[in-house]
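Presented below is the structure to which this report refers.
The values are calculated or read from the model by the stated rules, or taken from the named source; none is laboratory data. No experiment lies behind these values; they were computed from the predicted model shown. In this analysis, Cβ positions are derived from the backbone assuming ideal geometry, glycine residues included, and neighbour counts consider all displayed protein chains. Keep in mind that these areas ignore ligands, DNA and RNA; they rest on the heavy atoms of the full protein, side chains included. Shrake-Rupley method; radii C 1.70, N 1.55, O 1.52, S 1.80 Å.
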Amino acid sequence: MNGRISDALLDRIREANDIVSVIGDYAVLRKTGRNFKALCPFHTEKTPSFIVSPEKQIFHCFGCSIGGNVFNFLMKYENISFPEAVRRLAKKAGIPLPMATREEGVRVQEKERLYRVNSIAADYFSNSLVDTPSGKRALEYLRERGLARETMEKFRLGYAPSSWDELLSQLKEKGFSRELLIKGGLLTSQGKPYFWSRIIFPILDTQDRVVGFGGRILGKGEPKYLNSPQTPIYDKGRILYGLNFSKEAIRSKEGAVVVEGYMDVILPHQEGFQNFIASMGTSLTTGQVYLLKRFSPQVTMLYDADAAGVQATLRGLDLFLEQGVKVKVISLSKGYDPDTFIQDKGREAFSRLLSQALPLIEWRFQLAKSRFDIKTIEGKIAIAEDLLPTIAKERNLIRQREEIKQLSQELSLEEEILWIELKKIKSGRPFSKEALKVGSQPSDLLRKAEASLIQLLLQDESLVSLVQEKLGPDDFIHPEYRRIAQAIFDLSTREKSLSPAKIMDQLKNESLSQMVTSLLMEKREYPRKERALNDLIKTIKDNKLKLEYQRLEKEIREVLERKGAINQEKRTRYLELLKYFRG
Ligand SMILES: [Zn+2]
């Protein structure tokens, strides 16, 4: 939408949009001391833990740890990209943006045209549902499945007839080329209709634009379901069916319910269960998890536990845990999906079913118990081995402790043993390639040191030059802290003052911005700052030397085993380091 926006322009736009007044449009802010407080718009809570700091121009939630500057807020709340957030706030402040580059302009224009084409096609399909004889058969089928006419209209359901003459001439008249229709996935590369004799489910993005279609065959035939191919506006790994209809309910209710197919969203929606979305496949992609996480920190999976795809589903769930999302699972009895369950057993039974959701780990335990014999020692080990990797991914440590405790009771195994096994799994996960090479992993101590150092710099910018004399960004082992340090160092050479909101624009990354706000808002005082700073620098430097030492040691050992000659320089360096560590 915009050409390259200079940092100066970005600053101007940010400064013209006071974070308190922008967030004030979305949440009721109450002044408390230097800050403002509100009920968090991103998670359900009864007492406010959402803070806006006018001084730092940032927001932070102590409940769900979402945070950032004014751009981050808009991106999260409206679920839009960074350039889009910049564009909206520029417009709000009446600041003109530079013209788009030609190439960008063409790309944006093409996307706009594809949205247009899809919308026209969706209208054509929905008319065909009532206007054509075969469409009427599709309509009858949908009625039999229990859908009311209003529901079909709301979801813009339609029918793709075998001949598209009317649609194609309509599109041609409006000036849309055949090439564009092929590019948008409406026509195959041979120029034939991509969908025919199928019930059509338009797939909308969160801004209500038709990005693609799903088609279900009417009657018999293969494949039963067919989705639009990947196009410039349809990336199936980043879209969730129904999210445009359910996002408000997901935000205000207790999270999203994830199901597999179109009908599993539509029928429950009609029956008042309006927080349902479909993954449109058995496994969730990382992109889908990120998308969902923006709307809710809690997710319930409603799947057929006996389905072939259950393993893929399980992998998808670990993704949520890594993102700090709370996951519950409901198994449907064999042969049922949400849509047929409501049909057969009714609303009340469905509501009861939903209330029986089990926390992920409990559900996995039930599943493991059905596969292994819990009475034998081998069975216990197999169950522990099955569950521990999932428990290891739990980011909430209180929950993790609780899960270990429960598992130990269920299996009558010592908690200690489970903790040891858990630590093994955790340390088995290489953190960075560098660390992997020397066969060791940066310790928690180091992580804390790097975080504290960044925190000190954020609290007191006069320390930046002091640190810069002794450390470079590359001295940070954890990539996330390395990038934050880089941004702070870069800014401090360019700017007179370091504002947190500026650092976030420099980072251009949501989770890094969140880390910055968390560090800023954490009330941690360093009474003797310079001394603390020097200790932290030493910890970080020592670790780097230790890695170098381990690497040299390994190298030298290998050379000795081969009975080769040791490079003199390396030998000297090794002895130097040895002396340093052994004192
Ligand atoms: Zn929150």
Which residues, taken from region 59-79, are part of a loop (DSSP other than H, G, I, E, B) and crowded, with 24+ Cβ neighbours inside 10 Å?
-> Ile66, Asn69
Helices (runs of 4 or more DSSP H) contained entirely in region 176-287, each with at least 3 residues that are of a type in the set (S, T, N, Q) and either open to solvent by 40 Å² or more (accessible area, probe 1.4 Å) or in the same structural domain as Asp304 (by TED's automatic domain parsing) (or both) | 243-252
Leu512 free of Cβ contacts under 8 Å to residues at least 40 places away in the same chain, crowded, with 17+ Cβ neighbours inside 10 Å and not in a loop (DSSP other than H, G, I, E, B) = yes
Among the residues of region 26-45, count how many are open to solvent by 20 Å² or more (accessible area, probe 1.4 Å), part of a loop (DSSP other than H, G, I, E, B) and at pLDDT 85 or above.
-> 7
From the option list Val86, Val52, Val106, single residue qualifying as of a type outside the set (S, T, N, Q) and within 16 Å of the ligand (Cβ to nearest atom) is Val52
Return a yes/no flag: does region 337-348 have any residue that is in a loop (DSSP other than H, G, I, E, B) and open to solvent by 20 Å² or more (accessible area, probe 1.4 Å).
-> yes
Here is a list of conditions, (1) open to solvent by 40 Å² or more (accessible area, probe 1.4 Å); (2) modelled with pLDDT of 85 or more; (3) closer than 30 Å to Met515 by Cα; (4) away from the ligand (no atom under 16 Å from the Cβ), and Gln298 meets all of them except one; can you say which number that is?
-> (4)
Thr151 passes all but one of the listed conditions (1) open to solvent by 10 Å² or more (accessible area, probe 1.4 Å); (2) without any contact (Cβ under 8 Å) to a residue 60 or more places away in the chain; the exception is number (2)
